[in-house]
Amino acid sequence: MWIIVGLGNPGKKYRTTRHNIGFLVLEEFARRNRIGWRERKSIAQIGEGELAGQELLLMEPMVYMNRSGAAVRQFWNRWTGAESMVVVHDDMDLPFGRMRIKKGGGSGGHKGVRSVIDELATADFLRLKMGIGRPELEEAPEEYVLSRFSSVRREQLQEFVELGAEALECIVREGPVRAMNRFNIQRQHTESADRREEKDNERNEDEE
């Protein structure tokens, strides 16, 4: 059985923020594989299904990011071990449009991943890291991850989310190693061009 966890913050306020890309990818994966959602004691949204003959438990913690691990632990202890768990989350160290599948390691400063590691007392699980890029120098990282994607990024976001869902399918169908070989080397949106376009859009919005 696979547990696939998407990290994010609950509520409409955070729905389309950078920090919630883990939710977006998991929901696209569920949609593609016709997996419905139900709430479990207000702790998490869960979905149960099957892919390639393997049972799936999808999970979105319905607690704030830094408490994600407490919700994950309840399901992890009951059904499976860390070897068959994937955590999907945002990553500022990767440019927008890039992803990385990795097993083990530290939290990289991500409070949700840190919470999962602390609560499970292990870091030996798979991560699907979805790049969101870094903020401009004047913007604090905490504000950046809780803000919405720019208009340019929003146009590219669905394609990136779909790619993340494809990576999850590959992990389940073909195994983590093949998924790493296929998805860890991906094209990325040209940062300089995107930055210029974002600034042009901001100027146009100011002039309106």
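The values are calculated or read from the model by the stated rules, or taken from the named source; none is laboratory data. All of these numbers come straight from a predicted model, not from anything done at the bench. Positions of Cβ are generated from backbone atoms using ideal geometry, with glycine treated the same way; all protein chains shown enter the neighbour counts. These accessible areas exclude ligands, DNA and RNA; they are computed on the full protein's heavy atoms, side chains included. Shrake-Rupley method; radii C 1.70, N 1.55, O 1.52, S 1.80 Å.
Per residue, how much accessible area does the range 97-163 have with a 1.4 Å probe, in Å²?
The answer is 49 Å² per residue.
Which residue fluctuates most in the GNM of the chain (Cα springs below 10 Å): Glu174, Glu136, Glu162?
Glu136
Can you grab the distance from the C-alpha centre of the range 108-122 to the C-alpha centre of the range 2-50, Å, no decimals?
18
Taking a point 7 angstrom from the Cα of Gln156 along the C-beta vector, which residues in the range 92-135 have backbone N less than 12 Å away?
Inside the label zone: 95-99, 131-134.
So which residue, out of Val116, Val88, Val177, gets the largest mean-square fluctuation from a GNM of the chain using Cα contacts under 10 Å as springs?
With Cα springs under 10 Å in the chain, the top fluctuation among Val116, Val88, Val177 is at Val177.
Which one of Val88, Pro61, Gly109 is farthest out on the positive end of the charge dipole of the range 46-113, using unit charges on Cβ (Lys, Arg +1; Asp, Glu -1) and the Cα centre as origin?
The one lying farthest along the dipole's positive direction is Gly109.
Rule-of-thumb check for the chain: C-alpha Rg over 2.2 N^0.38 Å?
With N residues counted in the chain, Rg over 2.2 N^0.38 Å equals 1.01.
Quickly estimate the mean residue ellipticity at 222 nm for the chain, helices only: each DSSP H run with n ≥ 4 gives -39500 (n - 2.57), and the total goes over all residues, rounded to 500.
-13500 deg cm²/dmol
Quick one: putting +1 on the C-beta of Lys and Arg, -1 on the C-beta of Asp and Glu, what dipole do you get for the chain around its Cα centre, in Debye to the nearest 20?
The dipole of the chain has a size of about 860 debye.
Of all DSSP beta bridges located in the range 1-130, what percent are antiparallel, nearest 5?
55
Quick one: which of 164-171, 48-55 comes out on top by average Cβ neighbours within 10 Å, and what's the full order, highest first?
The packing order, highest mean first, is 164-171, 48-55.
Carbon and sulfur atoms: what percent of the 1.4 Å accessible area of the chain do they account for?
44
Given Cα pairs under 8 Å that are at least 6 residues apart, what percent is the relative contact order of the chain?
Relative contact order of the chain: 24 percent.
Select from Asn77, Asn184, Asn66 the residue whose mean-square fluctuation is largest in a Gaussian network model of the chain (Cα-Cα springs shorter than 10 Å).
Asn77
Length gain on complete extension for the stretch Lys103 to Glu139, per 0.36 nm per residue less the alpha carbon to alpha carbon distance?
Value of the extension gain: 9.9 nm.
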